[in-house]
Amino acid sequence: MTLSNKHSLGIILFAHGSRDPLWKRPIEDVAARIKERNPQTPVTCAYLELTTPDLADAAAHMIASGVAHIRITPLFLGVGRHAREDLPGLVSDLIIRHPSVHFELQTAVGENPQLIDLMAQIALDSL
């Protein structure tokens, strides 16, 4: 594959997962919104457990399509053990497995001041 065929950035939206198939709808809606706003940026969802694909499979698929830089965005509101420990360990495994790919792990969306402001505004809108 030539460098010109590579995508500069791909995004993986990472969430917990659930046995309920409807649970992942909001996660997929975020991916769809990204595709609408930036169609040339590859985006996919990945899950820690109970839902597929997992992070390793999502990253492998993205890398196989030519992505050389993967941004992982954790869609967690709270910053529990999964965000603090499990996810960084999974990303470390990816770095070892794919040394030529740049992995960027963002902080959980629940820590983002923009999201905090938006959630406050949503709560206030009903007043």
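You can think of it this way: the chain between Ala123 and Ser92 has 7.4 nm of extra reach, that is 0.36 nm per residue less the Cα-Cα gap.
Stokes-Einstein D for the chain at 20 °C, 1.002 mPa s, Kirkwood Rh over Cα pairs, in µm²/s? Mind dumping the intermediate values first?
On the way: Rh = 15.5 Å.
For the chosen part, D equals 138 µm²/s.
Estimated at 0.36 nm per residue, the fully extended path between Leu115 and Leu9 surpasses their Cα-Cα distance by 35.9 nm.
When the helices in the chain are scored as -39500 (n - 2.57) per DSSP H run of 4 or longer and the sum is shared across all residues, what 222 nm value do you end up with, to the nearest 500 deg cm²/dmol? Working shown, then result.
Working: 4 runs with 47 residues, N = 127.
My calculation for the chain gives -11500 deg cm²/dmol from helical runs alone.
Within the assembled protein chains, the solvent-accessible surface assigned to Ser8 is about 100 Å², based on a 1.4 Å probe.
Heavy atoms only, probe 1.4 Å: what % of the accessible area of region 13-52 goes to carbon and sulfur, would you let me know? Present the calculation step by step, with values, prior to reporting the outcome.
On the way: 1280 of 2560 Å².
Here it works out to 50 percent.
Rolling a 1.4 Å probe over the protein heavy atoms leaves Phe103 with an accessible area of roughly 20 Å². Calculated accessible area for the chain comes out at 63 Å² per residue, all protein chains present (probe 1.4 Å; ligands, DNA, RNA ignored). Stretching Val101 away from Lys35 to a fully extended chain increases their span by 21.6 nm, per 0.36 nm per residue minus the current alpha-carbon distance.
The values are calculated or read from the model by the stated rules, or taken from the named source; none is laboratory data. The structure presented is a predicted model; accordingly, all values stated were derived computationally and were not measured. Just the protein is used for accessible areas: all its heavy atoms, side chains included, with ligands, DNA and RNA removed. Shrake-Rupley method; radii C 1.70, N 1.55, O 1.52, S 1.80 Å.
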